[in-house]
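Here's the structure, in structure tokens; my notes come after.
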Amino acid sequence: MGTRRRRVSVKECRSKLVKWDDLYMELITNPTQESIKMAAKGLNEGQLVAFPTETVYGLGADATNSKAVSRIYSVKGRPVDHPLIVHISSMQQIYKWAVDIPEYAEKLANEFWPGPMTLILKRSELAKDFITGGQNNVGLRVPAQSIALTLLKEFEKLGGSGIAAPSANRFGAVSPTSVDAVQEELGNYLDPKDFVLDGGPSLVGIESTIIDCTSKNPRILRPGAVVKVQIQDLLKVDLESTGADTWINFSGNFKSHYSPKANIILGNFSGSNFGFIALSNLSTPNNAFRLAAPRTTEEFAQILYSALRKADSMGLSDVSVIFPEEEGLGQAIKDRLVKASKRQSVEGNEHN
Ligand code: TXA
Ligand code: MG
């Protein structure tokens, strides 16, 4: 950390391996097998690697290295009892990290991995308290992003078992969906020996669906791009409603989360000079600045976080958002927006 750091535009650094400067982390643009190998080596030596996934960018560390994992918490400013998702390269790796895996969880993994889904399973001895926040369960995910998968495989070749990675933002803030957003969030907190891998904009744009697989029936704890009806169709069960409010150490479950600096107003707003996000078929109100006009729900999810960042960079104090249908992915969008909108009303909640 420090005032001596120079801000370097990511655009200045395109298309080669660049050292931003000696006080910064290493930014790898257009990662190749060779440069990803270097990042895997960094992980193996206890460094952090921010990397793209199809959902949002993650801040990775060797999931068996307590010192490296503790740096994730300090870089993010996140409370230490919040568990981390362990990213693995394939379905086979779950047997390393989890025990008593129910059949339905295997079905989910076979169907939706690699993909935007995290399974919460009973942990094996490999998943230590510093990963699980002291809970008996571990969160596992195989991301569907080629750079992430290459990193995971290269790390495995060096003896690694998995990469612990929360979203690469300061605690409580909006998740990054581009390398510029990672830099904005964590640039001042990473070390010169850490790495950032640029994979372009995230395809899904919001965090993975989290499914609790520790009981007889699955339970969605955080909605995402793998949606309820897909899970129900596959497993032929009625899903229990979200029980996340009983899940204490579940950071995405704070009343307020995923917050930009601007106030989020759900629905129409009567003020002036405010930001506006809605599907393209809705016209922009008078006195509003259009931040995004996605054509579909998928596109809405994809651009939502960058639109919220744009609002902050423009210094807008209010953003009115008309979210799409609440079905499917729309439910996940609503979940994030409701949490983002509660920032001002939650007393004593810290934001970074
Ligand atoms: O899409 C994603 O899931 C992204 C990318 C990077 O994979 N990761 C992500 O991680 O969103 P994070 O830490 O920002 O959010 C994961 C949520 C947290 O709220 C955490 O508390 C919860 O998952 N979680 C992780 N492991 C858990 C466990 N064992 N039990 C309960 N909740 C868990
Ligand atoms: Mg997060």
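The values are calculated or read from the model by the stated rules, or taken from the named source; none is laboratory data. Small disclaimer: the values here were computed from a predicted structure and weren't measured. Here the Cβ positions follow ideal geometry from the backbone for every residue, glycine too, while neighbour counts run over all protein chains shown. What goes into the accessible areas is simple: the full protein's heavy atoms, side chains included, and nothing from ligands, DNA or RNA. Shrake-Rupley method; radii C 1.70, N 1.55, O 1.52, S 1.80 Å.
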The residue that is nearest to residue 141 (Cα to Cα), considering only those in region 166-187 that are within 11 Å of ligand 1 (Cβ to nearest atom) and of a type in the set (Gly, Ala, Ser), is 167
Of the conditions (1) modelled with pLDDT of 95 or more; (2) surrounded by 23 or more Cβ atoms within 10 Å (Cβ to Cβ), the single one that residue 257 does not satisfy is (1)
Here the residues within region 21-55 that are open to solvent by less than 10 Å² (accessible area, probe 1.4 Å) and either modelled with pLDDT under 90 or of a type in the set (A, V, I, L, M) (or both) are 24, 25, 27, 28, 29, 36, 39, 40, 43, 48, 49, 50
By residue number, the members of region 294-310 that are more than 20 Å from the chain's Cα centre (by Cα) and open to solvent by less than 50 Å² (accessible area, probe 1.4 Å) are 294
Does region 142-157 include one or more residues that are assigned to a loop (DSSP other than H, G, I, E, B) and aliphatic (A, V, I, L, M)?
yes
Taking region 186-240 and the residues there that are within 16 Å of ligand 2 (Cβ to nearest atom), assigned to a loop (DSSP other than H, G, I, E, B) and aliphatic (A, V, I, L, M), the one that is least open to solvent (accessible area, probe 1.4 Å) would be 206
Across (1) closer than 25 Å to residue 332 by Cβ; (2) in a helix (DSSP H, G or I); (3) open to solvent by 30 Å² or more (accessible area, probe 1.4 Å), residue 108 clears everything bar (3)
Filter region 158-184 for residues that are among the β-branched types (Val, Ile, Thr) and in a helix (DSSP H, G or I); the one that is farthest from ligand 2 (Cβ to nearest atom) is 179
Note on residue 75: of the conditions (1) under 15 Å from residue 192 (Cβ atoms); (2) at pLDDT below 95, unmet is (2)
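Here's the yes/no breakdown for (1) charged (D, E, K, R); (2) over 22 Å from residue 204 (Cβ atoms):
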residue	(1), (2)
71	yes, yes
95	no, yes
99	no, yes
106	yes, yes
126	no, yes
141	yes, no
152	no, no
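Residue-by-condition table, conditions (1) touching an Asp or Glu at 6+ places or on another chain (Cβ under 8 Å); (2) farther than 25 Å from residue 46 by Cα:
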| position | (1), (2) |
| --- | --- |
| 190 | no, no |
| 196 | yes, no |
| 206 | no, yes |
| 210 | no, yes |
How many residues of region 31-52 are touching a strand residue (DSSP E or B) at 6+ places or on another chain (Cβ under 6 Å), more than 17 Å from residue 71 (Cβ to Cβ) and aliphatic (A, V, I, L, M)? The answer is 0
Filter result for residue 163 (within 20 Å of the chain's Cα centre (by Cα), surrounded by 20 or more Cβ atoms within 10 Å (Cβ to Cβ) and within 8 Å of ligand 1 (Cβ to nearest atom)): no
Scanning region 260-292 for residues that are open to solvent by 50 Å² or more (accessible area, probe 1.4 Å) and aliphatic (A, V, I, L, M), the one nearest to residue 342 (Cα to Cα) turns out to be 266
